[in-house]
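*Asks:* Got a structure here, written out as structure tokens. Questions coming.
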Amino acid sequence: MEGIIIEGGRPLNGTVRIQGSKNAALPILAATLLIRGKTILSNCPHITDIEHMMNLLRSAGCAVNSENNRVIVDAKVLSKTAFPKEDVDCMRSSVILLGAMLGRCGEVSLSYPGGCVIGERPIDLHIQTLGKLGVHFKNEERRVCALCAHLHGNDINLPFRSVGVTENLILAAVLAKGTTRIYPAAREPEVVALCDFLKKAGARIRGAGSDEIIITGVERLAETEYCVEADRIVAGTYLFAATGCGGMVELSEAPVLQMKSVLRVLKQMGAQVKADENGRCIRLEAEGRPHRLPFVQTAVYPGFPTDLQSNLVTALTKADGTSVVEERIFENRYRILPELRAMGADLTQKEDRVIIRGVAHLTGAELTAMELRGGAGLVCAGMMAKGKSIVRGVEYIRRGYEDIVEDLKQLGAGVGWTGVEKR
Ligand code: EPZ
């Protein structure tokens, strides 16, 4: 069984370029269904979630080719509106295909994307809000089937700023009749990137990144090219690793302006952080144990991102005191606590909070990843620990990191693949 082998206990030193953003690329690939022609996407990360999304586009009849980090989608002619269960099931974010397919051809059917270990992750709000644009849903044995003769604009008030729901509504609204107003909209950079892409193709969208997004439907979208921005979560992963291990790292192509809340927390932990004026390079220097954090909670953007919560908790296991972290987005995102305890961490979970009493050191162990971001956190824990660790379940990590081993090697970490041929 493949795994990542880690010789921990050493500081990190080096430079690494940050890959393209998974959570920007996925909705943009779904959006290519709205274009009756070619889309060229550059700097697209080479990860398994992108491979699944490309297969889903192929199953709808698109011609999809990828070479290195360039993906070309030709959605001139679609042949199917039902997506195969096997590809939908392995990727929660397949739900984003609802808005794109409804916008393109007014019908879609996909298996009900099940929950995952970080939470139930229902799609009730997706169904409820798309219904307000004229979509009719029927549930057939765990499949979501949707039909819509004519999509029309509407005012949509969201009970909370769901990223996926905001994206699905935008995808359904860009070719609908009339105007759609989403309030309060998700403000994540990935939502802004989707809107930037669609506007480049001719969509009429105002307010991306603000509380209110207004979309005025157009007749059709034009062929376009787009470059995916760097991944703020991958960048944050490596910055927390360096803060936990100590050392000096430099990230190039990092999306500095999207990381204010993350850089603020790293500085509170005692790291020296410098970002260059053009906002694409971050230098971080840390030594000794991180400072404790009295209280940090995850939040929607621009708050501290839930996707970095596991890396934050991991770095705080060696802090110089007691910290408290509160997870506000997902109901079950502390899956790595037992693994960290096995390494000597002192952690107590109380509902959506975890109390972290810093220890002088962690000890290497055999670890198993159960989901993407927790898996990356375990790799960081292995690097922080004395001795050897091995992390299994790397298929989860490959969903979001192009090659975490290669990246960390460039930062001087003692890591390697075991049990596989390097890809
Ligand atoms: C996106 O998921 C990201 N995924 C997640 O990243 C990220 O953690 C999340 O946004 C929050 O920032 C992609 O962009 C592909 P939500 P999404 O809708 O859209 C509940 C990663 O590791 N909810 O904002 O699913 C939901 O259960 C992934 O890259 C409903 O209850 O997030 C969650 O508790 C993990 N009903 C909360 O809202 C619904 O209909 C926030 O979810 C929809 C969501």
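*Asks:* Let me confirm something: among Lys318, Lys388, Lys350, which residue is open to solvent by 10 Å² or more (accessible area, probe 1.4 Å), in the same structural domain as Gln272 (by TED's automatic domain parsing) and touching a His at 6+ places or on another chain (Cβ under 8 Å)?
*Replies:* Selected residue: Lys318, the only one of Lys318, Lys388, Lys350 that is open to solvent by 10 Å² or more (accessible area, probe 1.4 Å), in the same structural domain as Gln272 (by TED's automatic domain parsing) and touching a His at 6+ places or on another chain (Cβ under 8 Å).
*Asks:* Can I ask one more? Determine if the stretch 297-312 includes at least one residue that is more than 9 Å from the ligand (Cβ to nearest atom), open to solvent by less than 40 Å² (accessible area, probe 1.4 Å), assigned to a loop (DSSP other than H, G, I, E, B) and more than 30 Å from Pro159 (Cα to Cα).
*Replies:* no
*Asks:* Still on this structure, please answer the following. Among the helices (runs of 4 or more DSSP H) confined wholly to the stretch 91-205, which include 3 or more residues that are more than 20 Å from Leu34 (Cα to Cα)? Quick ask: steps written out before the conclusion?
*Replies:* Details: elements: 97-105, 124-131, 163-173, 189-200.
The qualifying helices (runs of 4 or more DSSP H) are 124-131.
*Asks:* In the stretch 208-260, what residues are in a helix (DSSP H, G or I), open to solvent by 10 Å² or more (accessible area, probe 1.4 Å) and in contact with a strand residue (DSSP E or B) (Cβ under 7 Å, 6 or more places away or on another chain)? Spell out the reasoning first.
*Replies:* Keep residues of the stretch 208-260 that are in a helix (DSSP H, G or I), which gives 232-245, 256-258, 260.
Restricting the remaining residues to those that are open to solvent by 10 Å² or more (accessible area, probe 1.4 Å) gives 232, 245, 256-258, 260.
Residues satisfying the conditions are Cys245, Val256.
*Asks:* May I pose another question? Taking Glu366 as the residue in question, decide whether it is at positive phi and of a type in the set (D, E, K, R). I'd like the intermediate steps shown before the answer.
*Replies:* Working: at positive phi: no; of a type in the set (D, E, K, R): yes.
No.
*Asks:* Let me ask you something else. Would it be correct to say that Ile18 is in contact (Cβ under 8 Å) with a residue 12 or more places away in the chain, buried (at least 23 other Cβ atoms within 10 Å of the Cβ), away from the ligand (no atom under 16 Å from the Cβ) and closer than 30 Å to Gly416 by Cβ?
*Replies:* Details: in contact (Cβ under 8 Å) with a residue 12 or more places away in the chain: yes; buried (at least 23 other Cβ atoms within 10 Å of the Cβ): yes; away from the ligand (no atom under 16 Å from the Cβ): no; closer than 30 Å to Gly416 by Cβ: yes.
Taking the combined requirement at face value, the residue does not satisfy it.
*Asks:* Output the residue which, of all residues in the stretch 117-137 that are open to solvent by 40 Å² or more (accessible area, probe 1.4 Å) and more than 8 Å from the ligand (Cβ to nearest atom), is nearest to Asp155 (Cα to Cα). Give the derivation first.
*Replies:* Going through the stretch 117-137, the residues open to solvent by 40 Å² or more (accessible area, probe 1.4 Å) turn out to be 117, 120-122, 124, 127-128, 132, 136-137.
Remaining after also requiring more than 8 Å from the ligand (Cβ to nearest atom): 117, 132, 136-137.
On the way: Val117: 33, Lys132: 8, His136: 17, Phe137: 19 Å.
Across the stretch 117-137, the extreme among qualifying residues is Lys132.
*Asks:* Here is a follow-up. Are there any pairs, at least 6 apart or on different chains, whose C-beta atoms fall under 9 Å, with the first in the stretch 119-136 and at pLDDT below 90 and the second surrounded by fewer than 16 Cβ atoms within 10 Å (Cβ to Cβ) and of a type in the set (S, T, N, Q), and if so, which?
*Replies:* Final answer for the pair search is Gly119/Asn332; Glu120/Asn332.
The values are calculated or read from the model by the stated rules, or taken from the named source; none is laboratory data. Note that this is a predicted model, so its numbers are computed, not measured. Virtual Cβ from ideal backbone geometry, glycine too; neighbours counted across all protein chains shown. To get the accessible areas, we keep the full protein, side chains included, count just its heavy atoms, and leave off ligands, DNA and RNA. Shrake-Rupley method; radii C 1.70, N 1.55, O 1.52, S 1.80 Å.
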